[in-house]
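Every read-out reported here was derived from the displayed coordinates using simple, explicitly stated rules and does not represent laboratory data. Computed from a predicted structure; not experimentally measured. Ideal geometry is used to build each Cβ from the backbone, glycine not excepted, and the neighbour counts take in all protein chains shown.
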Amino acid sequence: MNPNELQLRQQRLLIRSTELRLQLRANLHSLQRPAAMADQVKASLLWLYQHPQWPAGVLALLLILKPKRALSWTGKLWWLWQSARTLRHWRDALLAYLPQR
């Protein structure tokens, strides 16, 4: 290859690299909203985990005001809590098999 061919090849590669970078930016831009929503959900769940008195207070208030509805929701929330614990155990077991960074 002569120097002109190498220079032309280098320019083509730089153009291709720029195109790919712009395409990646466009693809990542479409994921920005769902990622922000997932971060918000994670932050909310963390807050609830750190402040368990609020959900317990709401549940107690519902139990006093609408006992039938509160009891039906209690079973659903208990199932959700148990499912979350099971998923957390499964995640921890899977992470044990992955190589550490």
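Two decimals is fine: what is log10 I(q)/I(0) at q = 0.22 Å⁻¹ for region 52-101, from a Debye sum with one equal scatterer on every Cα and no solvent?
The Cα Debye sum returns log10 ratios of -0.79.
Count the net charge of all other residues whose Cβ sits under 11 Å from the Cβ of Arg12, scoring Lys and Arg as +1 and Asp and Glu as -1.
Numbers: positive: Arg9, Arg16; negative: Glu5, Glu19.
Local net charge: 0.
I'd like the distance between the alpha-carbon centres of region 1-52 and region 81-101, rounded to an integer number of Å.
When both Cα centres are located, 28 Å separates them.
Taking the Cα centre of region 1-51 as the origin, how large is its charge dipole in debye, to the nearest 20, when only Lys and Arg (+1) and Asp and Glu (-1) carry charge on their Cβ atoms? Don't jump to the answer; show the numbers that get you there.
On the way: 7 positive and 3 negative charges, 15 e Å.
Dipole magnitude for region 1-51 comes out near 80 debye.
Residue by residue, what Karplus-based ³J(HN,Hα) values in Hz, rounded to whole numbers, does region 62-69 have, using 6.51, -1.76 and 1.60 with θ = phi - 60° and x for Gly and Pro?
5, 5, 6, 7, 9, x, 5, 5
Using Cα-only point scatterers and the Debye equation, what is log10 of I(q)/I(0) for the chain at each q in 0.17, 0.18, 0.21, 0.22 Å⁻¹, rounded to two decimals?
Result of the Debye calculation: -1.00, -1.04, -1.14, -1.17.
If each DSSP helix of 4+ residues adds -39,500 (n - 2.57) and the sum is divided by the residues in the chain, what number results at 222 nm, nearest 500 deg cm²/dmol? Working shown, then result.
Values: 3 runs with 92 residues, N = 101.
The per-residue figure over the chain is -33000 deg cm²/dmol.
Among Trp79, Ala96, Leu63, flag the residue with its Cα farthest along the positive direction of the charge dipole of region 52-101, charges on Cβ as +1 for Lys/Arg and -1 for Asp/Glu.
Of the candidates, Leu63 comes out farthest on the positive side.
Once you put a point 7 Å from the Cα of Ser30 and another 7 Å from the Cα of Leu46, both along the Cβ direction, what distance in nm separates them?
Each label point is offset 7 Å from its Cα along the Cβ direction, giving 2.9 nm.
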